[in-house]
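> Below are the structure tokens for one structure; questions will follow.
The values are calculated or read from the model by the stated rules, or taken from the named source; none is laboratory data. Keep in mind it's a predicted model, so treat the numbers as computed, not measured. Here the Cβ positions follow ideal geometry from the backbone for every residue, glycine too, while neighbour counts run over all protein chains shown. Remember, those area values only see protein heavy atoms, side chains included, never the ligands or the DNA or RNA. Shrake-Rupley method; radii C 1.70, N 1.55, O 1.52, S 1.80 Å.
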Amino acid sequence: MRKHSIFVLGVSFALFALTGTVQAQWANPGLLVTAEQLEQNLAKPDWVVVDCRKLEEYAKGHIPGAISFGKNCKAALRDATSRVFPSAAKYESLVGKAGIGNNTHVVFYGEIKSKSLDDASVAFWLFEYLGHTDKTHVLNGGLEAWKKGNRKLATEPAIKPAATFKVNFAKNRIATTEEVLKIAKGQVKGVQLIDSRSKKEYAGEDIRSIRGGRIPNCTLSVPHEETYDQEKDPATGKDKSTGVLSHEKVAKAYATLDKGKRTIAYCQTGSRSTLTYLELRMLGFKDPSNYDDSWIIYGANEKFPAEEEQRIDLSRIKSLEDDVKKLKEQLKKEDEKK
């Protein structure tokens, strides 16, 4: 009887441990690739790696075989200023000429040093919006992760044979200002809204539009940079990003949310929030979306409701300008006396 009890307890413990291991995994692990996984697939003809940095950075050294769109991915794939997306035909031309077809696995990467990790997540989100689902990936840890393994870099540009790419827009992947405004006014319930900006932006203290503040009925504030794993900078002693996403940290950040509900991320220009979108996809959220217009559009419309609304004191700026002008005149007079 005692042996039977021990056996049952042993089996129960093993099952518990296995369940815990399974639960500790990403729901969609294939969307995020390690440097080791990338190295194993690099030579495959149906895999294309895209360097999302600026062209001059790409030219100094990139992952062998990686291509460049000629610009950083944010600039190449959308106009963040005018908020205008290229037509389906233009996307098909750009992507096809780059050698990416509908059956191609495409891996995007950025770099901590050049602050281009967001470019990789922007490209990831946009390709999913174009309908390239489950074949779009991001290199976990960026270029730094690749270089940690003493892997070589190339300086010669890579060119892939042209391919055929057909766009099939997944419209639920993008949230419109009209949809977000209804959430803000309480006209639409049951949608989770995540603010991916810094804590100061969320509190209205860091003003980057006509006004500072946040969209009402926001469910959660999760600054995008805080979801990366951190390490101590030996030079400063302060925490710095590793560019690596771990399940434990990311899952904890969104633990209070319902994965079955529509979940929209926003930031200032819809770029930082694409990292949130990637994380939601990794965690298995059923209906994740990115609000591309974000605060730069929403915050600029004074008719839209806002919480923690604060405005720049223009009179104070004028006073500071006058002080600077007086100081310049004083310094000029002192120089003339010399």
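> Inspect the range 173-182 for any residue being within 26 Å of Phe127 (Cα to Cα), open to solvent by 80 Å² or more (accessible area, probe 1.4 Å) and in contact with a Ser or Thr (Cβ under 8 Å, 6 or more places away or on another chain) and give the result as yes or no.
No, the conditions are met nowhere in the range 173-182.
> Looking at (1) of a type outside the set (D, E, K, R); (2) more than 24 Å from Tyr228 (Cα to Cα); (3) touching a helix residue (DSSP H, G or I) at 6+ places or on another chain (Cβ under 8 Å), which is the only condition Gly61 fails?
Among (1) of a type outside the set (D, E, K, R); (2) more than 24 Å from Tyr228 (Cα to Cα); (3) touching a helix residue (DSSP H, G or I) at 6+ places or on another chain (Cβ under 8 Å), Gly61 violates only (3).
> Sticking with this structure for a sec: Can you give me the number of residues within the range 243-287 that are open to solvent by less than 10 Å² (accessible area, probe 1.4 Å) and in contact with a Gly (Cβ under 6 Å, 6 or more places away or on another chain)?
1
> Taking the range 220-240, which residues are part of a loop (DSSP other than H, G, I, E, B) and at pLDDT 95 or above?
Val222, Pro223, Tyr228, Asp229
> Condition first: under 19 Å from Lys113 (Cα atoms), among the charged types (D, E, K, R) and without any contact (Cβ under 8 Å) to a residue 60 or more places away in the chain. Now tell me which residues in the range 52-88 satisfy that.
Glu56, Glu57, Lys71
> Then there's this: Among the residues of the range 258-281, which ones are in contact with a strand residue (DSSP E or B) (Cβ under 9 Å, 6 or more places away or on another chain), of a type in the set (Val, Ile, Thr) and under 13 Å from Asp118 (Cα atoms)?
Thr274, Thr276
> Only one of these conditions is not met by Leu117: (1) surrounded by fewer than 24 Cβ atoms within 10 Å (Cβ to Cβ); (2) touching a residue at least 24 places away in the same chain (Cβ under 8 Å). Which number is it?
For Leu117, the exception is condition (1).
> Continuing with the same structure: With the checklist (1) open to solvent by less than 50 Å² (accessible area, probe 1.4 Å); (2) within 24 Å of Val180 (Cα to Cα); (3) within 21 Å of the chain's Cα centre (by Cα); (4) of a type outside the set (Lys, Arg) in hand, flag the one item Thr219 doesn't pass.
(1)
> Does any residue of the range 195-216 turn out to be at pLDDT 95 or above, of a type in the set (Gly, Ala, Ser) and within 30 Å of His132 (Cβ to Cβ)?
yes
> If you scan the range 120-141, which residues turn out to be free of Cβ contacts under 8 Å to residues at least 40 places away in the same chain and in contact with a strand residue (DSSP E or B) (Cβ under 9 Å, 6 or more places away or on another chain)? Please lay out each step first, then the result.
At the first step, the residues of the range 120-141 found to be free of Cβ contacts under 8 Å to residues at least 40 places away in the same chain are 127, 131-133, 135.
Phe127, His132, Lys135, listed by residue number.
> Another question, then. May I ask you to list the residues in the range 194-216 that are under 20 Å from the mean Cα position of the chain (by Cα) and touching a residue at least 40 places away in the same chain (Cβ under 8 Å)?
Across the range 194-216, the qualifying residues are Ile194, Asp195, Ser196, Arg197, Glu201, Tyr202, Arg208, Arg214, Ile215.
> Here's something else I'd like to know. Any residue that is in contact with a Pro (Cβ under 6 Å, 6 or more places away or on another chain) and of a type in the set (A, V, I, L, M) - is there at least one of those in the range 123-131?
The answer is no; no qualifying residue exists.
> In addition: Would you please name the residue that is nearest to Asn217 (Cα to Cα), looking only at residues in the range 241-265 that are charged (D, E, K, R) and part of a helix (DSSP H, G or I)?
Among those that are charged (D, E, K, R) and part of a helix (DSSP H, G or I), it is Lys252.
> Can you tell me which condition Leu143 does not meet? The list is (1) farther than 24 Å from Arg53 by Cα; (2) of a type outside the set (Gly, Ala, Ser); (3) not in a loop (DSSP other than H, G, I, E, B), and all the others hold.
(1)
> Filter the range 70-114 down to the residues that are closer than 17 Å to Thr274 by Cβ, crowded, with 20+ Cβ neighbours inside 10 Å and not small (Gly, Ala, Ser) and list them by number.
Across the range 70-114, the qualifying residues are Asn72, Cys73, Lys74, Leu77, Arg78, Tyr91, Val106, Val107, Phe108, Tyr109, Glu111.
> Yes or no: Val167 outside any strand (DSSP E or B) and either open to solvent by less than 10 Å² (accessible area, probe 1.4 Å) or within 17 Å of Trp295 (Cβ to Cβ) (or both)?
Judged against the criteria, Val167 is not a match.
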